[in-house]
1. Working only within the range 59-107, note down all residues that are at pLDDT 80 or above, within 30 Å of residue 21 (Cβ to Cβ) and part of a loop (DSSP other than H, G, I, E, B).
2. Would you please name the residue that is surrounded by the fewest Cβ atoms within 10 Å (Cβ to Cβ), looking only at residues in the range 340-363 that are touching a helix residue (DSSP H, G or I) at 6+ places or on another chain (Cβ under 8 Å) and closer than 18 Å to residue 407 by Cα?
3. From 402, 389, 414, 436, which residue is in contact (Cβ under 8 Å) with a residue 12 or more places away in the chain, closer than 18 Å to residue 357 by Cα and in the same structural domain as residue 341 (by TED's automatic domain parsing)?
4. State which residue pairs qualify: first residue modelled with pLDDT of 75 or more and inside the range 1-30, second residue surrounded by fewer than 10 Cβ atoms within 10 Å (Cβ to Cβ) in any location, beta carbons under 8 Å apart, and separation of 6 or more residues or different chains.
5. Give me the residue from the range 364-386 that is assigned to a loop (DSSP other than H, G, I, E, B) and within 34 Å of the chain's Cα centre (by Cα) and, out of that set, modelled with the highest pLDDT.
6. Please go through (1) under 29 Å from residue 146 (Cα atoms); (2) at pLDDT 90 or above; (3) outside any loop (DSSP other than H, G, I, E, B) for residue 293 and return the number of the only condition it doesn't satisfy.
7. Identify, from the list 210, 245, the residue that is in contact with a strand residue (DSSP E or B) (Cβ under 7 Å, 6 or more places away or on another chain), assigned by TED's automatic domain parsing to the domain that holds residue 527 and modelled with pLDDT under 90.
(Lines give C-alpha, C1' and ligand atoms only; values in the text may rest on other atoms or scores of the structure.)
Protein backbone atom coordinates (compact mmCIF):
# COMPACT_ATOMS: atom_id res chain seq x y z
CA UNK A 1 0.00 0.00 0.00
CA UNK A 2 1.39 3.45 -0.94
CA UNK A 3 2.15 6.10 1.70
CA UNK A 4 1.08 8.86 -0.75
CA UNK A 5 -2.34 10.42 -1.27
CA UNK A 6 -3.89 10.44 -4.74
CA UNK A 7 -3.16 14.16 -5.04
CA UNK A 8 0.54 13.72 -4.26
CA UNK A 9 0.83 10.85 -6.71
CA UNK A 10 -0.71 12.93 -9.49
CA UNK A 11 1.54 15.88 -8.63
CA UNK A 12 4.70 13.78 -8.81
CA UNK A 13 3.59 12.30 -12.14
CA UNK A 14 3.05 15.77 -13.62
CA UNK A 15 6.50 16.92 -12.44
CA UNK A 16 8.13 13.90 -14.10
CA UNK A 17 6.18 14.46 -17.33
CA UNK A 18 7.13 18.18 -17.47
CA UNK A 19 10.76 17.40 -16.77
CA UNK A 20 10.90 14.94 -19.70
CA UNK A 21 9.24 17.49 -22.01
CA UNK A 22 11.70 20.25 -21.08
CA UNK A 23 14.62 17.87 -21.57
CA UNK A 24 13.48 17.18 -25.14
CA UNK A 25 13.39 20.95 -25.77
CA UNK A 26 16.87 21.44 -24.28
CA UNK A 27 15.46 23.71 -21.63
CA UNK A 28 16.76 23.48 -18.09
CA UNK A 29 14.75 24.87 -15.18
CA UNK A 30 14.73 24.16 -11.46
CA UNK A 31 12.00 21.66 -10.65
CA UNK A 32 11.52 19.89 -7.33
CA UNK A 33 13.03 16.40 -7.36
CA UNK A 34 10.72 13.46 -7.92
CA UNK A 35 10.29 11.65 -4.64
CA UNK A 36 10.67 7.90 -4.49
CA UNK A 37 7.54 6.05 -3.54
CA UNK A 38 7.83 3.65 -0.65
CA UNK A 39 5.80 0.51 -0.41
CA UNK A 40 4.92 -1.62 2.51
CA UNK A 41 6.27 -5.09 1.77
CA UNK A 42 4.81 -8.12 3.42
CA UNK A 43 7.49 -10.43 4.71
CA UNK A 44 7.28 -14.17 4.94
CA UNK A 45 9.59 -16.84 6.28
CA UNK A 46 12.17 -17.97 3.73
CA UNK A 47 15.08 -20.38 3.84
CA UNK A 48 18.29 -18.84 5.10
CA UNK A 49 19.99 -16.50 2.64
CA UNK A 50 23.71 -16.50 1.87
CA UNK A 51 25.74 -14.28 4.15
CA UNK A 52 27.29 -12.30 1.36
CA UNK A 53 25.31 -10.02 -0.90
CA UNK A 54 25.10 -10.79 -4.55
CA UNK A 55 26.86 -8.27 -6.74
CA UNK A 56 24.87 -6.62 -9.46
CA UNK A 57 26.31 -4.91 -12.45
CA UNK A 58 25.62 -1.22 -12.56
CA UNK A 59 24.40 0.04 -15.85
CA UNK A 60 26.40 2.86 -17.33
CA UNK A 61 24.49 6.16 -17.22
CA UNK A 62 22.92 7.07 -20.54
CA UNK A 63 24.57 10.04 -22.25
CA UNK A 64 22.77 13.35 -21.82
CA UNK A 65 20.50 14.19 -24.72
CA UNK A 66 21.65 17.00 -26.95
CA UNK A 67 19.84 18.63 -29.85
CA UNK A 68 21.20 18.45 -33.39
CA UNK A 69 21.54 22.23 -33.34
CA UNK A 70 23.93 22.12 -30.39
CA UNK A 71 25.87 19.15 -31.79
CA UNK A 72 26.54 21.02 -35.03
CA UNK A 73 29.83 22.91 -34.76
CA UNK A 74 29.71 26.69 -34.98
CA UNK A 75 31.16 27.80 -38.31
CA UNK A 76 32.85 31.14 -38.67
CA UNK A 77 31.26 32.82 -41.74
CA UNK A 78 34.55 34.59 -42.40
CA UNK A 79 36.82 31.54 -42.20
CA UNK A 80 39.42 31.17 -44.92
CA UNK A 81 39.39 28.30 -47.45
CA UNK A 82 42.42 26.77 -45.73
CA UNK A 83 40.67 26.75 -42.34
CA UNK A 84 37.53 25.32 -43.93
CA UNK A 85 39.51 22.45 -45.49
CA UNK A 86 41.19 21.80 -42.14
CA UNK A 87 37.86 21.85 -40.28
CA UNK A 88 36.22 19.49 -42.78
CA UNK A 89 39.19 17.12 -42.55
CA UNK A 90 38.98 17.09 -38.74
CA UNK A 91 35.24 16.45 -38.94
CA UNK A 92 35.79 13.56 -41.33
CA UNK A 93 38.46 12.04 -39.05
CA UNK A 94 36.18 12.45 -36.01
CA UNK A 95 33.29 10.72 -37.77
CA UNK A 96 35.58 7.89 -38.92
CA UNK A 97 36.89 7.43 -35.38
CA UNK A 98 33.36 7.37 -33.94
CA UNK A 99 32.29 4.78 -36.52
CA UNK A 100 35.35 2.65 -35.73
CA UNK A 101 34.61 2.81 -32.00
CA UNK A 102 30.96 1.90 -32.64
CA UNK A 103 31.90 -1.14 -34.74
CA UNK A 104 34.46 -2.22 -32.14
CA UNK A 105 31.86 -1.97 -29.37
CA UNK A 106 29.36 -4.02 -31.41
CA UNK A 107 32.00 -6.69 -32.07
CA UNK A 108 32.88 -6.87 -28.37
CA UNK A 109 29.20 -7.27 -27.54
CA UNK A 110 28.89 -10.11 -30.09
CA UNK A 111 31.97 -11.86 -28.72
CA UNK A 112 30.66 -11.52 -25.15
CA UNK A 113 27.48 -13.36 -26.11
CA UNK A 114 29.31 -16.30 -27.68
CA UNK A 115 29.99 -19.48 -25.65
CA UNK A 116 33.53 -19.76 -24.30
CA UNK A 117 35.27 -22.84 -25.72
CA UNK A 118 38.73 -22.23 -24.27
CA UNK A 119 40.10 -23.50 -20.97
CA UNK A 120 39.16 -21.18 -18.12
CA UNK A 121 41.50 -20.09 -15.35
CA UNK A 122 40.10 -19.30 -11.92
CA UNK A 123 40.66 -15.60 -12.56
CA UNK A 124 38.52 -15.77 -15.71
CA UNK A 125 35.42 -16.81 -13.77
CA UNK A 126 35.95 -14.86 -10.54
CA UNK A 127 36.00 -11.36 -11.95
CA UNK A 128 32.89 -10.38 -9.97
CA UNK A 129 34.28 -11.56 -6.62
CA UNK A 130 35.89 -8.98 -4.39
CA UNK A 131 39.45 -9.68 -3.09
CA UNK A 132 38.16 -11.00 0.25
CA UNK A 133 35.78 -13.48 -1.39
CA UNK A 134 38.44 -14.61 -3.85
CA UNK A 135 40.93 -15.14 -1.02
CA UNK A 136 38.37 -17.24 0.88
CA UNK A 137 37.66 -19.35 -2.22
CA UNK A 138 41.36 -19.91 -2.86
CA UNK A 139 41.82 -20.94 0.78
CA UNK A 140 38.96 -23.44 0.48
CA UNK A 141 40.41 -24.90 -2.71
CA UNK A 142 43.92 -25.14 -1.24
CA UNK A 143 42.53 -27.23 1.62
CA UNK A 144 40.50 -29.46 -0.68
CA UNK A 145 43.41 -30.24 -3.02
CA UNK A 146 45.95 -30.80 -0.27
CA UNK A 147 45.54 -34.54 -0.80
CA UNK A 148 44.54 -36.59 -3.82
CA UNK A 149 41.16 -38.26 -3.63
CA UNK A 150 40.95 -40.75 -6.52
CA UNK A 151 37.56 -42.25 -7.26
CA UNK A 152 37.10 -45.54 -5.46
CA UNK A 153 35.25 -48.42 -7.08
CA UNK A 154 34.05 -51.85 -6.10
CA UNK A 155 31.93 -52.68 -3.08
CA UNK A 156 31.86 -54.72 0.12
CA UNK A 157 32.16 -58.44 -0.54
CA UNK A 158 30.27 -61.23 1.22
CA UNK A 159 27.79 -58.90 2.91
CA UNK A 160 24.48 -60.08 4.25
CA UNK A 161 21.75 -58.02 2.63
CA UNK A 162 19.47 -57.72 5.67
CA UNK A 163 22.23 -56.67 8.06
CA UNK A 164 23.73 -54.20 5.58
CA UNK A 165 20.36 -52.60 4.79
CA UNK A 166 19.58 -52.37 8.52
CA UNK A 167 22.85 -50.49 8.99
CA UNK A 168 21.89 -48.04 6.25
CA UNK A 169 18.48 -47.48 7.86
CA UNK A 170 20.02 -46.80 11.25
CA UNK A 171 22.60 -44.29 9.99
CA UNK A 172 20.80 -42.58 7.13
CA UNK A 173 17.47 -42.38 8.94
CA UNK A 174 19.03 -39.94 11.44
CA UNK A 175 19.99 -37.34 8.85
CA UNK A 176 18.60 -33.85 9.45
CA UNK A 177 18.85 -30.43 7.79
CA UNK A 178 22.08 -29.03 9.24
CA UNK A 179 22.80 -26.29 6.69
CA UNK A 180 20.92 -24.56 3.89
CA UNK A 181 21.62 -21.60 1.64
CA UNK A 182 20.83 -20.05 -1.73
CA UNK A 183 23.88 -21.27 -3.62
CA UNK A 184 22.96 -20.51 -7.25
CA UNK A 185 20.97 -17.69 -8.79
CA UNK A 186 18.61 -19.92 -10.76
CA UNK A 187 17.24 -23.47 -10.86
CA UNK A 188 19.68 -26.22 -9.88
CA UNK A 189 20.29 -28.63 -12.77
CA UNK A 190 23.23 -30.72 -11.51
CA UNK A 191 25.33 -31.39 -8.42
CA UNK A 192 28.55 -33.13 -7.36
CA UNK A 193 30.05 -33.73 -3.91
CA UNK A 194 33.81 -33.20 -3.56
CA UNK A 195 35.46 -36.34 -2.10
CA UNK A 196 37.51 -34.57 0.61
CA UNK A 197 36.36 -36.33 3.81
CA UNK A 198 37.24 -33.36 6.02
CA UNK A 199 34.91 -30.91 4.25
CA UNK A 200 31.42 -30.64 2.85
CA UNK A 201 32.29 -28.95 -0.43
CA UNK A 202 29.46 -29.27 -2.95
CA UNK A 203 29.27 -27.97 -6.53
CA UNK A 204 25.89 -27.05 -8.02
CA UNK A 205 25.23 -26.11 -11.67
CA UNK A 206 22.23 -23.93 -12.52
CA UNK A 207 19.99 -23.11 -15.46
CA UNK A 208 22.00 -20.10 -16.65
CA UNK A 209 25.51 -21.56 -16.64
CA UNK A 210 26.44 -20.53 -13.11
CA UNK A 211 28.53 -22.87 -10.95
CA UNK A 212 27.76 -22.51 -7.26
CA UNK A 213 30.45 -23.74 -4.86
CA UNK A 214 29.16 -24.32 -1.33
CA UNK A 215 31.30 -24.95 1.73
CA UNK A 216 28.27 -26.02 3.73
CA UNK A 217 29.91 -26.40 7.14
CA UNK A 218 32.06 -23.25 7.03
CA UNK A 219 31.33 -20.56 9.64
CA UNK A 220 28.73 -18.11 8.39
CA UNK A 221 29.96 -14.66 7.40
CA UNK A 222 29.16 -11.58 9.42
CA UNK A 223 27.95 -8.25 8.03
CA UNK A 224 28.39 -4.82 9.55
CA UNK A 225 25.34 -2.57 9.68
CA UNK A 226 25.21 1.19 9.08
CA UNK A 227 26.45 1.86 12.64
CA UNK A 228 29.42 -0.45 12.22
CA UNK A 229 28.02 -3.14 14.48
CA UNK A 230 28.64 -6.68 13.31
CA UNK A 231 26.00 -9.36 13.55
CA UNK A 232 25.65 -12.88 12.18
CA UNK A 233 23.24 -13.07 9.25
CA UNK A 234 21.21 -15.97 10.58
CA UNK A 235 21.19 -18.28 13.57
CA UNK A 236 21.00 -21.36 11.35
CA UNK A 237 24.16 -22.53 9.65
CA UNK A 238 24.42 -21.58 5.99
CA UNK A 239 28.14 -21.98 5.29
CA UNK A 240 29.88 -19.98 2.59
CA UNK A 241 29.19 -20.01 -1.12
CA UNK A 242 30.63 -18.56 -4.30
CA UNK A 243 29.06 -18.18 -7.74
CA UNK A 244 31.16 -18.51 -10.89
CA UNK A 245 29.79 -17.83 -14.36
CA UNK A 246 31.66 -20.66 -16.09
CA UNK A 247 29.36 -20.88 -19.14
CA UNK A 248 28.44 -17.82 -21.14
CA UNK A 249 26.16 -16.10 -22.05
CA UNK A 250 24.01 -16.42 -18.94
CA UNK A 251 20.90 -17.83 -20.64
CA UNK A 252 18.97 -21.10 -20.59
CA UNK A 253 21.17 -22.28 -23.47
CA UNK A 254 24.07 -22.43 -20.98
CA UNK A 255 22.43 -24.72 -18.40
CA UNK A 256 25.02 -26.90 -16.66
CA UNK A 257 23.81 -30.42 -17.34
CA UNK A 258 26.57 -32.37 -15.58
CA UNK A 259 29.47 -31.95 -13.12
CA UNK A 260 32.30 -34.45 -12.76
CA UNK A 261 35.55 -34.42 -10.76
CA UNK A 262 38.75 -35.80 -12.23
CA UNK A 263 38.66 -39.46 -11.11
CA UNK A 264 42.42 -39.60 -10.53
CA UNK A 265 42.79 -36.81 -7.97
CA UNK A 266 39.59 -34.63 -7.89
CA UNK A 267 41.74 -31.51 -8.41
CA UNK A 268 39.96 -30.67 -11.66
CA UNK A 269 36.25 -30.29 -12.28
CA UNK A 270 34.53 -30.84 -15.62
CA UNK A 271 31.19 -29.23 -16.40
CA UNK A 272 29.06 -29.86 -19.47
CA UNK A 273 26.50 -27.42 -20.71
CA UNK A 274 23.73 -27.10 -23.26
CA UNK A 275 25.96 -24.44 -24.90
CA UNK A 276 28.21 -27.28 -26.19
CA UNK A 277 31.27 -26.08 -24.26
CA UNK A 278 32.92 -29.27 -23.11
CA UNK A 279 34.33 -28.76 -26.57
CA UNK A 280 32.86 -27.44 -29.77
CA UNK A 281 30.08 -29.67 -31.09
CA UNK A 282 28.32 -27.32 -33.47
CA UNK A 283 24.68 -27.15 -32.36
CA UNK A 284 24.40 -30.45 -30.46
CA UNK A 285 23.24 -29.86 -26.88
CA UNK A 286 25.38 -31.81 -24.42
CA UNK A 287 23.33 -33.73 -21.87
CA UNK A 288 25.85 -35.76 -19.86
CA UNK A 289 29.53 -36.63 -19.47
CA UNK A 290 31.40 -39.44 -17.74
CA UNK A 291 35.02 -40.47 -17.33
CA UNK A 292 36.57 -43.90 -16.64
CA UNK A 293 38.71 -44.22 -13.52
CA UNK A 294 41.89 -43.57 -15.52
CA UNK A 295 40.73 -40.01 -16.19
CA UNK A 296 42.29 -39.95 -19.65
CA UNK A 297 39.07 -40.29 -21.65
CA UNK A 298 35.60 -38.78 -21.71
CA UNK A 299 32.29 -40.00 -23.09
CA UNK A 300 29.69 -37.37 -23.95
CA UNK A 301 26.00 -37.77 -24.78
CA UNK A 302 23.98 -35.18 -26.68
CA UNK A 303 20.49 -34.22 -27.77
CA UNK A 304 21.12 -35.39 -31.35
CA UNK A 305 21.20 -39.02 -30.23
CA UNK A 306 24.98 -39.13 -30.29
CA UNK A 307 27.87 -40.39 -28.19
CA UNK A 308 31.24 -38.68 -28.47
CA UNK A 309 34.53 -40.28 -27.42
CA UNK A 310 37.19 -37.74 -26.48
CA UNK A 311 40.74 -38.70 -25.57
CA UNK A 312 41.85 -35.90 -23.25
CA UNK A 313 45.48 -36.48 -24.24
CA UNK A 314 44.77 -35.69 -27.89
CA UNK A 315 43.51 -32.70 -29.79
CA UNK A 316 39.71 -32.37 -29.76
CA UNK A 317 39.67 -32.58 -33.57
CA UNK A 318 40.28 -36.32 -33.16
CA UNK A 319 37.08 -36.85 -31.18
CA UNK A 320 34.73 -39.46 -32.70
CA UNK A 321 30.94 -39.09 -32.78
CA UNK A 322 28.55 -42.05 -32.99
CA UNK A 323 24.83 -41.51 -33.53
CA UNK A 324 23.42 -44.39 -31.47
CA UNK A 325 19.80 -43.18 -31.36
CA UNK A 326 17.34 -41.24 -33.46
CA UNK A 327 16.34 -39.22 -30.38
CA UNK A 328 18.04 -37.45 -27.48
CA UNK A 329 20.46 -39.48 -25.37
CA UNK A 330 19.93 -38.07 -21.90
CA UNK A 331 22.74 -39.78 -20.04
CA UNK A 332 25.85 -41.93 -20.47
CA UNK A 333 27.59 -43.90 -17.72
CA UNK A 334 30.91 -45.73 -17.82
CA UNK A 335 31.20 -49.02 -15.91
CA UNK A 336 33.80 -48.27 -13.19
CA UNK A 337 35.26 -51.80 -13.09
CA UNK A 338 34.81 -52.71 -16.77
CA UNK A 339 35.21 -49.35 -18.55
CA UNK A 340 34.54 -50.82 -21.99
CA UNK A 341 30.85 -51.03 -21.04
CA UNK A 342 28.67 -47.94 -21.47
CA UNK A 343 25.01 -47.65 -20.53
CA UNK A 344 22.90 -45.00 -22.28
CA UNK A 345 19.39 -43.69 -21.66
CA UNK A 346 17.35 -42.21 -24.50
CA UNK A 347 14.09 -40.47 -25.29
CA UNK A 348 13.49 -43.39 -27.68
CA UNK A 349 12.46 -45.34 -24.53
CA UNK A 350 15.59 -47.50 -24.77
CA UNK A 351 18.29 -48.23 -22.21
CA UNK A 352 21.26 -49.79 -23.96
CA UNK A 353 24.60 -51.26 -22.99
CA UNK A 354 27.45 -50.82 -25.48
CA UNK A 355 30.83 -52.48 -25.78
CA UNK A 356 33.18 -49.64 -26.73
CA UNK A 357 35.87 -52.08 -27.91
CA UNK A 358 33.54 -52.90 -30.79
CA UNK A 359 32.03 -49.44 -31.16
CA UNK A 360 35.40 -47.79 -31.73
CA UNK A 361 36.30 -50.31 -34.43
CA UNK A 362 33.89 -48.58 -36.80
CA UNK A 363 35.85 -46.95 -39.58
CA UNK A 364 38.01 -47.91 -42.48
CA UNK A 365 35.55 -49.39 -44.97
CA UNK A 366 32.64 -47.61 -43.20
CA UNK A 367 32.55 -44.40 -45.22
CA UNK A 368 31.00 -41.54 -43.32
CA UNK A 369 28.23 -39.63 -45.03
CA UNK A 370 29.16 -36.45 -43.16
CA UNK A 371 31.87 -33.92 -43.82
CA UNK A 372 33.82 -35.08 -40.76
CA UNK A 373 35.35 -38.57 -41.27
CA UNK A 374 35.16 -39.10 -37.50
CA UNK A 375 31.36 -38.75 -37.48
CA UNK A 376 29.27 -41.90 -37.89
CA UNK A 377 25.55 -41.38 -38.35
CA UNK A 378 22.78 -43.78 -37.44
CA UNK A 379 22.72 -45.49 -40.84
CA UNK A 380 26.37 -46.41 -40.50
CA UNK A 381 25.86 -47.60 -36.90
CA UNK A 382 22.89 -49.82 -37.82
CA UNK A 383 24.72 -51.28 -40.80
CA UNK A 384 27.71 -52.02 -38.60
CA UNK A 385 25.58 -53.66 -35.87
CA UNK A 386 24.09 -55.98 -38.48
CA UNK A 387 27.48 -57.04 -39.84
CA UNK A 388 29.70 -59.85 -38.49
CA UNK A 389 32.23 -57.26 -37.29
CA UNK A 390 29.59 -55.45 -35.25
CA UNK A 391 28.32 -58.54 -33.45
CA UNK A 392 28.50 -57.96 -29.69
CA UNK A 393 28.76 -54.17 -29.97
CA UNK A 394 25.24 -53.64 -28.62
CA UNK A 395 25.21 -55.93 -25.58
CA UNK A 396 21.71 -55.16 -24.30
CA UNK A 397 18.62 -53.16 -25.31
CA UNK A 398 15.78 -52.79 -22.81
CA UNK A 399 12.66 -50.87 -23.77
CA UNK A 400 10.85 -48.76 -21.15
CA UNK A 401 7.28 -47.48 -21.03
CA UNK A 402 8.28 -43.89 -21.80
CA UNK A 403 11.42 -41.76 -22.22
CA UNK A 404 14.33 -42.88 -20.05
CA UNK A 405 15.70 -39.89 -18.12
CA UNK A 406 18.90 -41.54 -16.90
CA UNK A 407 20.74 -44.82 -16.40
CA UNK A 408 23.87 -45.26 -14.26
CA UNK A 409 26.24 -48.04 -13.19
CA UNK A 410 26.75 -48.51 -9.45
CA UNK A 411 30.28 -48.23 -7.92
CA UNK A 412 30.82 -52.00 -8.17
CA UNK A 413 29.90 -52.08 -11.86
CA UNK A 414 27.43 -54.92 -11.27
CA UNK A 415 24.09 -53.05 -11.26
CA UNK A 416 22.34 -50.44 -13.37
CA UNK A 417 19.70 -47.99 -12.13
CA UNK A 418 17.32 -46.27 -14.56
CA UNK A 419 14.78 -43.46 -14.12
CA UNK A 420 11.83 -43.27 -16.50
CA UNK A 421 8.84 -41.01 -17.20
CA UNK A 422 6.55 -44.01 -16.77
CA UNK A 423 6.99 -43.46 -12.99
CA UNK A 424 9.21 -46.46 -12.41
CA UNK A 425 12.75 -46.76 -11.09
CA UNK A 426 14.31 -49.98 -12.40
CA UNK A 427 17.26 -51.99 -11.12
CA UNK A 428 19.25 -54.55 -13.11
CA UNK A 429 21.84 -56.87 -11.55
CA UNK A 430 24.47 -58.67 -13.60
CA UNK A 431 26.59 -61.62 -12.59
CA UNK A 432 30.32 -61.70 -13.19
CA UNK A 433 29.95 -64.33 -15.89
CA UNK A 434 27.59 -62.09 -17.89
CA UNK A 435 29.96 -59.13 -17.68
CA UNK A 436 32.93 -61.26 -18.74
CA UNK A 437 31.17 -62.79 -21.71
CA UNK A 438 31.61 -61.56 -25.26
CA UNK A 439 28.04 -62.24 -26.35
CA UNK A 440 24.78 -60.32 -25.99
CA UNK A 441 23.42 -60.13 -22.45
CA UNK A 442 20.51 -62.50 -21.83
CA UNK A 443 17.09 -60.90 -22.11
CA UNK A 444 15.60 -60.41 -18.67
CA UNK A 445 13.26 -58.27 -16.63
CA UNK A 446 14.62 -55.81 -14.06
CA UNK A 447 15.53 -57.37 -10.75
CA UNK A 448 13.43 -54.70 -9.01
CA UNK A 449 10.93 -52.01 -10.00
CA UNK A 450 9.98 -49.13 -7.70
CA UNK A 451 6.87 -47.04 -8.21
CA UNK A 452 8.00 -43.39 -8.01
CA UNK A 453 6.40 -40.25 -9.45
CA UNK A 454 8.73 -38.70 -12.04
CA UNK A 455 6.21 -36.15 -13.38
CA UNK A 456 8.26 -33.08 -12.47
CA UNK A 457 6.57 -30.74 -14.96
CA UNK A 458 8.05 -27.63 -16.50
CA UNK A 459 9.41 -25.84 -13.44
CA UNK A 460 11.17 -28.68 -11.62
CA UNK A 461 14.41 -30.29 -12.80
CA UNK A 462 13.97 -33.82 -14.15
CA UNK A 463 14.53 -36.51 -11.51
CA UNK A 464 17.61 -38.68 -12.04
CA UNK A 465 18.15 -41.28 -9.34
CA UNK A 466 21.83 -41.21 -8.30
CA UNK A 467 23.95 -43.99 -6.80
CA UNK A 468 26.00 -43.15 -3.74
CA UNK A 469 29.63 -43.27 -4.94
CA UNK A 470 30.79 -44.61 -1.56
CA UNK A 471 31.95 -48.23 -2.08
CA UNK A 472 32.39 -49.01 1.64
CA UNK A 473 28.70 -49.64 2.26
CA UNK A 474 25.89 -51.59 0.72
CA UNK A 475 24.85 -50.03 -2.64
CA UNK A 476 22.15 -47.38 -2.24
CA UNK A 477 20.85 -44.38 -4.17
CA UNK A 478 19.06 -41.07 -3.68
CA UNK A 479 16.22 -39.51 -5.65
CA UNK A 480 14.00 -36.47 -5.28
CA UNK A 481 10.31 -36.77 -4.44
CA UNK A 482 7.41 -34.55 -5.54
CA UNK A 483 6.25 -34.66 -1.91
CA UNK A 484 9.26 -32.46 -1.05
CA UNK A 485 11.30 -35.21 0.53
CA UNK A 486 14.58 -36.85 -0.41
CA UNK A 487 14.30 -40.64 -0.72
CA UNK A 488 17.10 -43.14 -0.16
CA UNK A 489 16.74 -46.72 -1.45
CA UNK A 490 18.97 -49.76 -1.13
CA UNK A 491 20.36 -51.53 -4.18
CA UNK A 492 17.60 -54.10 -3.66
CA UNK A 493 14.91 -51.44 -4.06
CA UNK A 494 13.95 -51.17 -0.36
CA UNK A 495 13.20 -47.72 1.07
CA UNK A 496 15.96 -46.93 3.57
CA UNK A 497 15.06 -43.35 4.56
CA UNK A 498 12.70 -40.56 3.58
CA UNK A 499 14.27 -37.25 4.57
CA UNK A 500 11.91 -34.31 5.01
CA UNK A 501 11.44 -31.22 7.16
CA UNK A 502 8.24 -29.27 6.51
CA UNK A 503 9.38 -26.40 8.74
CA UNK A 504 12.47 -25.71 6.63
CA UNK A 505 11.81 -27.14 3.17
CA UNK A 506 8.94 -25.93 1.03
CA UNK A 507 10.14 -26.96 -2.46
CA UNK A 508 10.90 -30.17 -4.32
CA UNK A 509 14.47 -31.38 -3.78
CA UNK A 510 14.95 -32.38 -7.39
CA UNK A 511 18.75 -32.72 -7.63
CA UNK A 512 20.65 -34.93 -5.20
CA UNK A 513 24.20 -36.14 -4.57
CA UNK A 514 26.10 -38.04 -1.87
CA UNK A 515 29.57 -37.74 -0.35
CA UNK A 516 31.95 -40.26 -1.97
CA UNK A 517 33.76 -41.03 1.31
CA UNK A 518 31.36 -40.20 4.17
CA UNK A 519 28.14 -42.21 4.41
CA UNK A 520 26.07 -39.77 6.45
CA UNK A 521 26.25 -36.84 4.05
CA UNK A 522 23.66 -36.06 1.37
CA UNK A 523 22.98 -32.77 -0.45
CA UNK A 524 20.03 -31.57 -2.51
CA UNK A 525 18.95 -28.52 -4.51
CA UNK A 526 15.70 -27.05 -5.79
CA UNK A 527 14.26 -24.83 -8.51
CA UNK A 528 15.15 -21.54 -6.81
CA UNK A 529 18.82 -22.34 -6.29
CA UNK A 530 18.40 -23.14 -2.59
CA UNK A 531 20.43 -26.11 -1.40
CA UNK A 532 20.35 -28.32 1.68
CA UNK A 533 22.93 -30.40 3.50
CA UNK A 534 21.61 -33.49 5.31
CA UNK A 535 23.80 -34.84 8.10
CA UNK A 536 23.54 -36.06 11.72
CA UNK A 537 22.17 -33.34 13.97
CA UNK A 538 24.83 -33.99 16.65
CA UNK A 539 27.82 -33.86 14.31
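The values are calculated or read from the model by the stated rules, or taken from the named source; none is laboratory data. Just so it is clear, the structure is predicted and the values come from calculations on it, not from any experiment. In this analysis, Cβ positions are derived from the backbone assuming ideal geometry, glycine residues included, and neighbour counts consider all displayed protein chains.
1. Matches in the range 59-107: none.
2. Going through the qualifying residues, I end up with 340.
3. Of 402, 389, 414, 436, the one residue that is in contact (Cβ under 8 Å) with a residue 12 or more places away in the chain, closer than 18 Å to residue 357 by Cα and in the same structural domain as residue 341 (by TED's automatic domain parsing) is 389.
4. Final answer for the pair search is 15/32.
5. Filtering first and then ranking leaves 377.
6. Result: residue 293 passes all but (3).
7. 245
Matching residues to (1) assigned to a strand (DSSP E or B); (2) touching a helix residue (DSSP H, G or I) at 6+ places or on another chain (Cβ under 8 Å); (3) farther than 22 Å from residue 448 by Cα; (4) in contact (Cβ under 8 Å) with a residue 12 or more places away in the chain:
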{"site": "478", "(1), (2), (3), (4)": "yes, no, no, yes"}
{"site": "482", "(1), (2), (3), (4)": "no, no, no, yes"}
{"site": "489", "(1), (2), (3), (4)": "yes, no, no, yes"}
{"site": "493", "(1), (2), (3), (4)": "no, no, no, yes"}
{"site": "504", "(1), (2), (3), (4)": "no, no, yes, yes"}
{"site": "509", "(1), (2), (3), (4)": "no, no, yes, yes"}
{"site": "524", "(1), (2), (3), (4)": "yes, no, yes, yes"}
{"site": "527", "(1), (2), (3), (4)": "no, no, yes, yes"}
